[in-house]
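Trainee: There's a structure below that I have some questions on.
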Amino acid sequence: MTTHSATAIAHPNIAFIKYWGNSNDRLRLPVNSSISMNLDGLFAETSVEWLDHLSSDEFTLNGESQTGESLQRVAYHLEILRNRLGRQSKAKVVSANNFPTGAGIASSAAAFAALTAAGVAAAGETLSERELSTIARLGSGSAARSIPSGFVEWYAADTHEDSYAQSLFAPDYWDLVDIVAVINKGHKAVGSTAGHSSAQTSPLQAARVAEADERVARVRAAISERNFSDFAEVVELDSNLMHSVMMTSNPPLFYWEPASLRIMKLVREWRAEGLRVCYTLDAGPNVHCICVRSDAETVRSRLNKLSEVLTTLSANVGGGAQVLQQ
Ligand code: PMV
């Protein structure tokens, strides 16, 4: 029997060395390599059904039928899958995130990783992890990193085929925890796709990119040696560099809020006291506090006591994208 439907899950990820800016916007080829960990317990679950009778693609997200830009972005990705898989039929896509939207967790990474894995499986095909990662990248750059498991590196390259992500270490290699201090649940004013294309307008982008490979090597080594103090230093530096680029772009992008800065300073104080915790922020004001598991409860309870913190979410290191049902 030919398979026409499949369900897959994929976790979001948090970058330790950030992706910001493309050498090719259409192919989402990044100007620098990046490193991340997948976030266990949080996931997008997506079903794809290729249906011959459909006249256009359909997309339901968190129970709501999608139109406009949200549908278009999924339909564009389905077109990429159709071309690769040699299919004509349209698809019905049903997806849900088990984490709140606007909680400072990039849902597009998990979404496009799960859509890619489910779309390919629904066509009865098996592609290599490397190719799945390149295809996911076309939907949202950071989705390339949600295909492989655990601690992941995504390679900058000049061609579509060569810019893929690969697992560096399995999830249980180092028991890091990401505690997200949610201070604002609103949607971001400027999304990352627009941000990537304005990154080169910042006079600081060239300097950020020039030493990115060095920071990638330092974070890779710090994870390999489970050396938290080295890790913390580079992760915070890299986040600060990306936000410096954002703030000096045209138009300038200010994602930090006063509360973000307050938490960043507290995290550095707590580390000076001996807690193994550091911060990193994506394209939003919420602060990801990366810590070792033995310090996670202390960090979480301190964050929860701050009046600016609406809630905290906690995630261990997660696995790769997985097909659940075919
Ligand atoms: O995949 P995108 O286009 O949503 O870009 C993600 C950009 C950051 O989250 C800010 C950094 C990163 O490497 O994840």
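The values are calculated or read from the model by the stated rules, or taken from the named source; none is laboratory data. As the structure is a computational prediction, the values presented were derived from the model and not from experiment. We place every Cβ from the backbone using ideal geometry, glycine too, and count neighbours over all the protein chains shown. These accessible areas exclude ligands, DNA and RNA; they are computed on the full protein's heavy atoms, side chains included. Shrake-Rupley method; radii C 1.70, N 1.55, O 1.52, S 1.80 Å.
Trainee: Being in a loop (DSSP other than H, G, I, E, B), within 16 Å of the ligand (Cβ to nearest atom) and either touching a helix residue (DSSP H, G or I) at 6+ places or on another chain (Cβ under 6 Å) or of a type in the set (Gly, Ala, Ser) (or both) is true for just one of Ala143, Ala156. Which residue is that?
Mentor: Being in a loop (DSSP other than H, G, I, E, B), within 16 Å of the ligand (Cβ to nearest atom) and either touching a helix residue (DSSP H, G or I) at 6+ places or on another chain (Cβ under 6 Å) or of a type in the set (Gly, Ala, Ser) (or both) holds for just one of Ala143, Ala156, which is Ala156.
Trainee: Go through the range 191-228 and report how many residues are more than 12 Å from the ligand (Cβ to nearest atom), surrounded by fewer than 21 Cβ atoms within 10 Å (Cβ to Cβ) and in a loop (DSSP other than H, G, I, E, B).
Mentor: 5
Trainee: Is there any pair with a first residue in the range 8-19 that is within 12 Å of Asp178 (Cα to Cα) and a second that is among the aliphatic types (A, V, I, L, M) and open to solvent by less than 10 Å² (accessible area, probe 1.4 Å) whose Cβ atoms are under 6 Å apart and which are 6 or more apart or on different chains, and what are they?
Mentor: If the second residue must be among the aliphatic types (A, V, I, L, M) and open to solvent by less than 10 Å² (accessible area, probe 1.4 Å), the pairs left are Pro12/Leu39; Pro12/Ala109; Pro12/Ala110; Asn13/Ala109; Phe16/Ile35; Phe16/Val219; Phe16/Val235.
Trainee: List the number of the failed condition for Phe112; all other conditions in (1) surrounded by fewer than 17 Cβ atoms within 10 Å (Cβ to Cβ); (2) modelled with pLDDT of 95 or more hold.
Mentor: (1)
Trainee: Another one. Mind checking which strands (runs of 3 or more DSSP E) fall wholly inside the range 1-94 and carry at least 1 residues that are away from the ligand (no atom under 13 Å from the Cβ)? Lay out the reasoning, then the answer.
Mentor: Numbers: elements: 5-10, 13-17, 22-24, 34-38, 44-51, 58-61.
By residue number, 5-10, 22-24, 44-51, 58-61.
Per-residue answers, yes or no, for (1) of a type in the set (D, E, K, R); (2) without any contact (Cβ under 8 Å) to a residue 12 or more places away in the chain; (3) in the same structural domain as Ile35 (by TED's automatic domain parsing); (4) within 22 Å of Asn32 (Cα to Cα):
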position	(1), (2), (3), (4)
Ala221	no, yes, no, yes
His243	no, no, no, yes
Met246	no, no, no, yes
Asn250	no, no, no, yes
Ala272	no, yes, no, no
Val287	no, no, no, no
Val299	no, no, no, no
Leu306	no, no, no, no
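Trainee: Give the residues of the range 271-292 that are away from the ligand (no atom under 16 Å from the Cβ) and either farther than 12 Å from Asp178 by Cα or more than 21 Å from the chain's Cα centre (by Cα) (or both), sorted by residue number.
Mentor: Answer for the range 271-292, where residues must be away from the ligand (no atom under 16 Å from the Cβ) and either farther than 12 Å from Asp178 by Cα or more than 21 Å from the chain's Cα centre (by Cα) (or both): Arg271, Ala272, Glu273, Gly274, Leu275, Arg276.
Trainee: Now for a separate question. Residues that are at pLDDT below 95 and among the acidic types (Asp, Glu): does the range 27-49 have at least one?
Mentor: Looking through the range 27-49, none of the residues is at pLDDT below 95 and among the acidic types (Asp, Glu).
Trainee: May I ask you to say which residue of Ala157, Ala109, Ala121 is within 27 Å of Asp175 (Cα to Cα) and hydrophobic (A, V, I, L, M, F, W, C)?
Mentor: Result: Ala109 is the single residue among Ala157, Ala109, Ala121 that is within 27 Å of Asp175 (Cα to Cα) and hydrophobic (A, V, I, L, M, F, W, C).
Trainee: Here is a check on your reading of the model: is Ser163 open to solvent by 10 Å² or more (accessible area, probe 1.4 Å) and among the hydroxyl-bearing types (Ser, Thr, Tyr)?
Mentor: no
Trainee: For Asp52, all conditions in the list (1) surrounded by 17 or more Cβ atoms within 10 Å (Cβ to Cβ); (2) closer than 20 Å to Lys92 by Cβ hold save one; what is the number of the exception?
Mentor: (1)
Trainee: Take the range 271-292 and flag every residue that is in a helix (DSSP H, G or I) and buried (at least 20 other Cβ atoms within 10 Å of the Cβ).
Mentor: Listed by number, the list holds a single entry, Arg271.
Trainee: Here's another thing I want to ask about it. Could you count how many residues in the range 255-264 are open to solvent by 60 Å² or more (accessible area, probe 1.4 Å) and outside any loop (DSSP other than H, G, I, E, B)?
Mentor: Qualifying residue count for the region: 3.
Trainee: Determine which member of the set Ala96, Ala110 is touching a residue at least 60 places away in the same chain (Cβ under 8 Å), of a type in the set (A, V, I, L, M) and within 30 Å of Ser260 (Cα to Cα).
Mentor: The unique qualifying residue is Ala110.
Per-residue answers, yes or no, for (1) open to solvent by 70 Å² or more (accessible area, probe 1.4 Å); (2) over 22 Å from the mean Cα position of the chain (by Cα); (3) at pLDDT 95 or above:
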site	(1), (2), (3)
Ala232	no, no, yes
Met242	no, no, yes
Leu266	no, yes, yes
Glu269	yes, yes, yes
Ser294	yes, yes, yes
